[in-house]
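Visitor: This is the structure, below, for whatever I ask next.
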Amino acid sequence: MIVYGKQILFYVLQKCPDRLEEIYLAKEIDKKLFSSLCSSGVKILRIDTKKAQAMAHSGNHQGFLAKIKPIESVEKKEILSLKTLLVLCGISDVGNIGSIFRSAYALGVEGIIIGGTLSKNAIEGGIRASSGAMLCVPFYITSNLLELIHELKTKNKTCYGADMGGEEVLSIAPSDEWALFLGSEGEGLSGKIKQKMDKIISIKMKNEFNSLNVGVATGILVYRLKNG
């Protein structure tokens, strides 16, 4: 799996160096930076701009690329053992997925469940969009969210659904263990999923507006659930 960009490379180097397999440089860098890369013990290869562009699919690699060990979905048993979870229902935009992983990591959410599928390209894009946070938050992919809701409840987790018609999140007393269900910006949560939620919650806005970006809304809701 290829990741690129200076920030991503150094994030991986700092947070999960065991994932690094090879580092590729497509430009000259100063001695201090090069020394820090060398100290990782990972093989460093010089490549030309054309190859770098191909490896980055014409993305902005900034001359820094790396091959890392692929990240994969964890087992269901592991994800169900975690106390706080986000559940993505029909969210396919890589930018939003990355933003949600970034907020989850920053605010201490323990894991993420993704409804549907996630291709290799989507994972690579998610790593970039999350500034590397996707490498640090365990995730599980499922095609049956309705069945999963039942399993979450058997683990004594409160299932919250995010919807504009829900109860103001500040007015509830959050459970110690919970799963927050998030729908896509266009469709939101399906009726079947909303029916199975323990509580529907929302963010009451002072100024009239259609909705917030799902990544932004996630950060606000998680902060309030985590901090009461």
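Visitor: Placing +1 on the Cβ of each Lys and Arg and -1 on the Cβ of each Asp and Glu in the chain, which of F101, A173, L225 has its Cα farthest towards the positive end of the resulting dipole?
Guide: Going by the Cα projections, it comes out as F101.
Visitor: Treat each spin label as a single point 7 Å out from the Cα along the C-beta direction, and report the T117 to E168 distance in nm.
Guide: Taking the simple label geometry, T117 and E168 are separated by 4.4 nm.
Visitor: OK, next. Subtract the Cα-Cα distance of S40 and K204 from 0.36 nm times their separation in residues, and report this length gain in nm to one decimal.
Guide: Taking 0.36 nm per residue and subtracting the Cα distance, the gain is 54.3 nm.
Visitor: Please work out whether segment 101-228 counts as rounded, prolate or oblate from its C-alpha gyration tensor, where a ≥ b ≥ c are the square roots of the eigenvalues and a/c under 1.5 means rounded, while otherwise a/b larger than b/c means prolate and anything else oblate?
Guide: Rounded, because the longest to shortest axis ratio a/c is under 1.5.
Visitor: Something else about it: Rounded to the nearest 20 Debye, what is the dipole magnitude of segment 98-156 about its Cα centre when Lys and Arg each give +1 and Asp and Glu each give -1 at the C-beta?
Guide: Rounded to the nearest 20 debye, it is 120 debye.
Visitor: Here is a further query. Mean 1/r over all different Cα pairs, inverted: what Kirkwood radius does segment 139-210 give, in Å?
Guide: In segment 139-210 this quantity evaluates to 13.1 Å.
Visitor: Out of residues 5 or more away from G111 or on other chains, whose amide H comes under 5 Å of its own, with H placed 1.01 Å from N in the peptide plane?
Guide: Excluding prolines and chain starts, which carry no amide H, the hits are T84, L86.
Visitor: Beyond 24 Å between alpha-carbons counts as too far, so tell me which of K31/K69; K67/K120; K153/K206; K77/K157; K120/K157; K77/K204 fall in that bin.
Guide: Where the Cα-Cα span goes over 24 Å, the pairs concerned are K31/K69; K153/K206; K120/K157; K77/K204.
Visitor: I would also like to ask the following. What order do you get for R224, R102 when you list them from fewest to most C-beta neighbours inside 10 Å?
Guide: So the ranking, lowest neighbour count to highest, is R224, R102.
Visitor: Send over the per residue convex hull volume for the chain, Cα only, as a whole number of Å³.
Guide: Cα convex hull per residue, to the nearest whole number: 137 Å³.
Visitor: Note down the magnitude of the dipole of the chain about its Cα centre, charges +1 on Lys and Arg C-beta and -1 on Asp and Glu C-beta and zero elsewhere, to the nearest 20 debye.
Guide: Magnitude of the dipole: close to 560 debye.
Visitor: Helix-only mean residue ellipticity at 222 nm, the chain, DSSP H runs n ≥ 4 weighted -39,500 (n - 2.57), per residue, nearest 500. What is it?
Guide: After summing the helix terms and dividing by the residues of the chain, the value is -10500 deg cm²/dmol.
Visitor: Based on other C-beta atoms within 10 Å, arrange E21, E185, E124, E208 from fewest to most.
Guide: By the 10 Å Cβ count, ascending, the order reads E208, E21, E185, E124.
Throughout, read-outs are computed from the coordinates displayed, never taken from laboratory work. All values reported here derive from a predicted model rather than from experimental measurement. A quick note on method: Cβ atoms are made from the backbone with ideal geometry, for glycine too, and the neighbour counts reach across all protein chains shown.
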